[in-house]
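Everything below concerns the one structure shown next.
Every read-out reported here was derived from the displayed coordinates using simple, explicitly stated rules and does not represent laboratory data. Everything quoted here is computed from the prediction, not taken from an experiment. We place every Cβ from the backbone using ideal geometry, glycine too, and count neighbours over all the protein chains shown.
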Amino acid sequence: MATENLQFKAEIRELLSLVIHSVYSNKDIFLRELVANAADAIDKARFLSLTQQDMIRDWEIRIEADKDTKTLIISDNGVGMNRDELIENLGTIAHSGTKAFTEALEKAKEEGSVSAPELIGQFGVGFYSAFMAADKVTVETKKDGEAQAWKWISDGENDFSIEEVSKDAPGTRITLYLKEDFEAYLDYWRVAELIRKYSDFIEYPIRMKHTVTKDGKEEVEDSTLNTMKAIWLRPESEVTEEEYDQFYQHISMDYNKPARRISFSAEGASEFKSLLYIAGKMPMSYRMGMNKDHKQIQLYVRRVFITDNCPGLLPEYMGFVAGVVDSSDLPLNVSRETLQDNPQIARISKSIVKRVLSELDKMLTKDREAYEEFYKEFSPMIKGGVHTDFNNKEKLQDLLLFESMNSGKLMTLKEYSDAMPATQKAIYYITGDRREALEFSPQLEMFRKQGYDVLFLYEPMDEIIMDDIAKYAEKDLVSVLKGEVKFDESVQKELDEKTKKETEENKELVEFLKKTLEDKVKDVRFSSRLTESPCCLVGDDYDPSVSMQRLFKAMGQESPDVKRILELNGESPLIGALKSLYEKDPSAASLPDYAELLYDQALISEGATLPDPAKFARRTVLLMTESIQKELSAE
Ligand code: ADP
């Protein structure tokens, strides 16, 4: 059959053009990518061979270098591809990786941050990275169980071609016609070093022949370049940090250093070995939403790779964990479909979740700085855990950190609770966008005066979390923006008496304000919350807070505007003056304006936007004019 010419899909053409025309800071990665693909292909074949005995063969990856033709060949005896798969996989279907890569590149270009070669390094562009090193690539491949083999040829420009070829064994053989400045990769020692560096943990032998001189005679030696030992089965003392990091990169696609590594073996009800990593930074792939299918944990059964997509192994909120689980008691022929409901998997999951949580706790207590760094990246996930993982809620809530009003530092609920003065009965928090907006909130005045600390919560979901927790160390979690404040009896009794007196003395003013602001507030009352400001707005005990309402709206949910309560400060000279004015002339024309202004400035003081800023401005201008004129006439 003749040669057939085909076109690359547009995204792939774009990617190829980048790969071909970039200058690389790390030239080595193409080898790692091709070897990883070869290992994947063998993984697949080996998995199939569990049920098809005739497929079992001596799995291997082979590298050949030919200095005369300047070609480097990477071959495997894995699953191989048929004609259609070859065309799709290497030319017409843009894999999720390709798309994410081009998207990341667009983003990086906009931000002017990372360059293409760096991104290629971070993402790995799989097979196409072959064109970093070669100006022509051929792929000869034969699918297991099929008679015909196929050859794919391309120089990475617009076209690739496909033709029939003869090939004995199933598998794939990729030939790179190396570019001039890549000829160093023909050297055995160079290749051996790179394989040790990037692909040592690959479970299949990566072999290469080379000539050695023994007793003055030249001999060809066939060497295995990788140690192949599953890294999670090797004693920790025999594995270098670099190897561990490499392995982490391999499974997580995250090229940052992990924050923690956990190796452990479980015995008893379910036996398995596990090597887990806790990420230090949010991996790019995760940020781009590429990790939705949970490809973070590779599941092996007695060293045979089963799947890297087993959602039951890790709860969704643990997106910061990657690693390997190698079970000794799952049946080898376990089907990928039934894994999710497998009770063994549930047991393994329970045990790794427990282990990760205890590691985080250890980090929190022993290495606070590292934990805070981790927390800054992943706090939404920990909070997601508090909300969804009922079994581990207590442990997860101890991993939360919130900013303290008093110190500006992050603190745990336990630290807050331990430091509470004896008179303080509840744990107080306030929600808002940022510290500057919260710091001068009138609602905090009395708490400051009492020497209480208040936690500053900045994320919309914090409030939901607070509702989830509700009580910590037998203390209620209370929003200072809601309900009536209740301090310790010793303090509260006196405050209550004062409030009662103020309420009685100002009955009429309160009635007037209630009536005037009827559309805006549900009640007007005196309280002991304030020491300086004339008034503030608070929510009723069980009403959703303002930020919660905003969150609902943002999520497209109906949320009626819930009116709040206007609390007055009896000690404020402004309230005193208003009372006198009202007593002098209850029908004074300026009174309704003052009432509106009082409400508006309560909104402003909590950083909210006014519903009618123009009206507010008009009223202030009027007031300023009057007051200036008064000052002038007094002279
Ligand atoms: P990825 O490996 O991330 O899916 P690649 O661009 O590296 O993307 O490869 C695309 C696809 O081509 C692979 O998913 C696989 O199906 C196929 N492929 C690549 N190399 C081989 C190989 N050596 N043997 C069999 N199939 C391969």
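For the chain, what is the mean residue ellipticity at 222 nm derived from helices alone (per DSSP H run of n ≥ 4: -39500 (n - 2.57); sum divided by total residues; nearest 500 deg cm²/dmol)?
On the way: 22 runs with 257 residues, N = 635.
Computed mean residue ellipticity for the chain: -12500 deg cm²/dmol.
Hey, got the Cα dimensions of the chain along the principal axes, in Å, largest first?
Answer, in whole Å and largest first: 115, 56, 45 Å.
Would you mind telling me the antiparallel percentage of the DSSP bridges in the chain, rounded to 5?
Working: 71 of 91 bridges.
Bridges in the chain that DSSP calls antiparallel: roughly 80 percent.
How large is the translational diffusion coefficient of segment 454-557 in µm² per second when you combine the Kirkwood radius over alpha carbon pairs with Stokes-Einstein at 10 °C and 1.306 mPa s? Don't jump to the answer; show the numbers that get you there.
On the way: Rh = 16.1 Å.
Approximately 99 µm²/s, per Stokes-Einstein.
Counting every Cα pair in segment 489-635, what percent are over 22 Å apart? If you can, show how the numbers build up before the last one.
Working: 5099 of 10731 pairs.
So the portion of pairs separated by more than 22 Å is 48 percent.
Placing +1 on the Cβ of each Lys and Arg and -1 on the Cβ of each Asp and Glu in segment 123-186, which of A169, Y128, A184 has its Cα farthest towards the positive end of the resulting dipole?
A169
How many angstrom separate the Cα center of segment 485-499 from the Cα center of segment 401-466?
Answer, in whole Å: 21.
Rank by packing, highest mean first: peptides 79-87, 522-530, with packing defined as the count of other Cβ atoms within 10 Å averaged across residues. Write down the numbers at each step before the final one.
Working: 79-87: 19.6, 522-530: 21.1.
Result, highest mean first: 522-530, 79-87.
Give, in whole angstrom and from largest to smallest, the semi-axes √(5λ) of the equivalent ellipsoid of segment 383-439, with λ running over the eigenvalues of the Cα gyration tensor.
Values: eigenvalues 96, 54, 19 Å².
Equivalent ellipsoid of segment 383-439: 22, 16, 10 Å, largest first.
Starting from the amide H of Y428, placed 1.01 Å from N in the peptide plane, find each other amide H under 5 Å away whose residue is 5 or more places distant or on another chain.
Distant-sequence amide H within range of Y428: L455, V478.
Once you keep just the Cα pairs under 8 angstrom separated by 6 or more residues, what percentage relative contact order results for segment 434-588? Could you put the intermediate results ahead of the total?
Details: 162 pairs, mean separation 41.1, N = 155.
So the answer I get is 27 percent.
What's the center-to-center distance, using Cα atoms, between segment 550-617 and segment 167-209 in Å?
Here the answer is 74 Å between Cα centres.
For segment 219-227, in order, what is each residue's ³J(HN,Hα) by Karplus, 6.51 cos²θ - 1.76 cosθ + 1.60 with θ = phi - 60°, in whole Hz (x at glycine and Pro)?
9, 8, 10, 9, 10, 8, 8, 10, 7
Fewest to most neighbouring Cβ within 10 Å: what's the order for T69, T211, T499? Provide the component values of the computation, followed by the final result.
On the way: T69 12, T211 9, T499 20.
Sorted ascending by nearby Cβ count, the order is T211, T69, T499.
Mind listing P(r) for segment 455-498? All alpha-carbon pairs, 5 Å bins, whole percents.
With a bin width of 5 Å, the distribution comes to 5, 17, 22, 22, 14, 10, 8, 1.
Give me the net charge for the shell around N89: Cβ to Cβ below 13 angstrom, other residues only, Lys and Arg +1, Asp and Glu -1.
Working: positive: K9, K44, R83, K143; negative: D40, D84, E85, E88.
Around N89, the charge tally is 0.
Please report the relative contact order for the chain, taking Cα pairs under 8 Å with a sequence separation of at least 6, and give it as a percent rounded to a whole number.
Values: 1027 pairs, mean separation 52.5, N = 635.
The normalised contact order for the chain reaches 8 percent.
Arrange the following residues from fewest to most other Cβ atoms within 10 Å of their Cβ: W189, W232. Intermediate values should be presented prior to the final figure.
Numbers: W189 8, W232 24.
Going from least to most buried by this count: W189, W232.
Can you give the relative contact order of segment 400-452 as a percent, counting alpha carbon pairs under 8 Å and 6+ residues apart? Don't skip to the answer; put the middle values down first.
Values: 26 pairs, mean separation 13.2, N = 53.
Result for segment 400-452 is 25 percent.
Once the Cα gyration tensor of segment 129-226 is found, what semi-axes does its equivalent ellipsoid get, as square roots of 5 times the eigenvalues, in whole Å, sorted largest first?
Working: eigenvalues 155, 73, 40 Å².
Equivalent-ellipsoid dimensions as semi-axes: 28, 19, 14 Å.
Output needed for segment 575-614: three equivalent-ellipsoid semi-axes, defined as square roots of 5 times the C-alpha gyration tensor eigenvalues, in descending order, whole Å. Intermediate results must be reported in sequence, preceding the final value.
On the way: eigenvalues 115, 26, 4 Å².
Each semi-axis is the square root of five times an eigenvalue, giving 24, 11, 4 Å.
How much of the pair distance distribution for segment 380-510 lies past 17 Å, counting alpha-carbon pairs only, in percent? Each step should come with its number before you reach the end.
Details: 5207 of 8515 pairs.
Result: 61 percent of Cα pairs exceed 17 Å.
Dividing the Cα convex hull volume of segment 537-621 by residue count, how many Å³ per residue is that? Before the final figure, lay out each step's value.
Details: hull volume 11.0 nm³, N = 85.
It is 129 Å³ per residue.
Any chance you could tell me what percent of the C-alpha pair distances in segment 337-434 go past 17 Å? List each step's numbers first, then the result.
Working: 2863 of 4753 pairs.
The share of Cα pairs beyond 17 Å in segment 337-434 comes to 60 percent.
Order of F440, F305 from fewest to most other C-beta atoms within 10 Å? Don't skip to the end; give the middle numbers.
Working: F440 13, F305 20.
By the 10 Å Cβ count, ascending: F440, F305.
Compute the signed sum of charges (Lys and Arg +1, Asp and Glu -1) over the other residues within less than 13 Å, Cβ to Cβ, of D496. Show your work: numbers first, answer last.
On the way: positive: K486, K493, K498, K500, K501, R525, R529; negative: E484, D488, E489, E494, E497, E502, E504.
That works out to 0.
Expressed in nm², what is the orientationally averaged projection area of the convex hull enclosing the Cα positions of segment 427-479?
On the way: hull surface 14.7 nm².
Computed as one quarter of the Cα hull surface, the answer is 3.7 nm².
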